[in-house]
Amino acid sequence: MVQSKISGAINFVLVFTLLIGLFGRVSAHGILLSPTPRLLYGQNATDVIAKVSNPTKEFPCGIAGDSPGPVTTYKPGEKILIAYNRTITHGGDCLMQISRYGDKYDKDFKTFENLGPCGMEKGLFTAFVEVPYDECDNEDCVMRFRWDDDAGNNYLYCVNVRIKKYPDCWDSKRRRSIGTTRRALKN
């Protein structure tokens, strides 16, 4: 399933509203709000938020592991919003990482953006990051938000992604054929 930007924005608003409303009732440390991460399904929403927002030792994708989630398509070099809500202060760096080989091994994740310290204050942490320029158009592309706090805890959130220059194969062929047709008309 490929998520359009409009449906992605609607999903973000709905998830953001739901999550902020639940934070008052859930004992949590923090949770990734954007881009849309994998979450546990089939359970009470309050329990899900409590489980995924606490520290984890389950590498590489935290407690949500290989749970299903939306696939978001980005263009190489596109700027995307990272939004993470914290309810504790532990300091530590936040990283954006990507794996082109799936989420089986932690060693496959490579850092493409160091967001710096992000756990110094409670509340919403936001940053814009640039999507890597290398295309990653296969079902194994996984982007990960990682916060290793100063207390030795790990917070891991995986996002299913595609990184490609054109939205789909048909569109890229159409653009090439339009250019070819224009050149033919000039001659």
Simple SL model, points at 7 angstrom along Cα→Cβ for GLU130 and ASP66; separation in nm is 3.4
Stokes-Einstein D in µm²/s, Kirkwood radius over Cα pairs - the stretch 24-180 at 4 °C with 1.567 mPa s viscosity: 79
What order do you get for 30-36, 119-125 when each peptide is scored by the mean count of other beta carbon atoms within 10 Å, highest first? 30-36, 119-125
Would you tally the net charge around GLU130, using a Cβ to Cβ cut-off of less than 9 Å, leaving GLU130 out, and scoring K and R as +1, D and E as -1? -1
Order the peptides 109-115, 51-57 from the highest to the lowest mean number of other Cβ atoms within 10 Å of their residues. 51-57, 109-115
Bin by bin, in steps of 10 Å, what percent of the Cα pairs in the stretch 88-161 do you find, going until the bin that has the longest distance? 19, 49, 26, 6
Go through 88-99, 126-137 and give me the packing order, highest mean Cβ count within 10 Å leading. 88-99, 126-137
Within the accessible area of the stretch 100-148, what % is carbon and sulfur when the probe is 1.4 Å and the other protein chains stay in place? 46
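The values are calculated or read from the model by the stated rules, or taken from the named source; none is laboratory data. Not measured: the values here are computed from a predicted model. FYI the Cβ positions are ideal-geometry reconstructions off the backbone, even for glycines, and counts take in every protein chain you see. All accessible areas refer to the heavy atoms of the entire protein, side chains included, with ligands and DNA or RNA removed. Shrake-Rupley method; radii C 1.70, N 1.55, O 1.52, S 1.80 Å.
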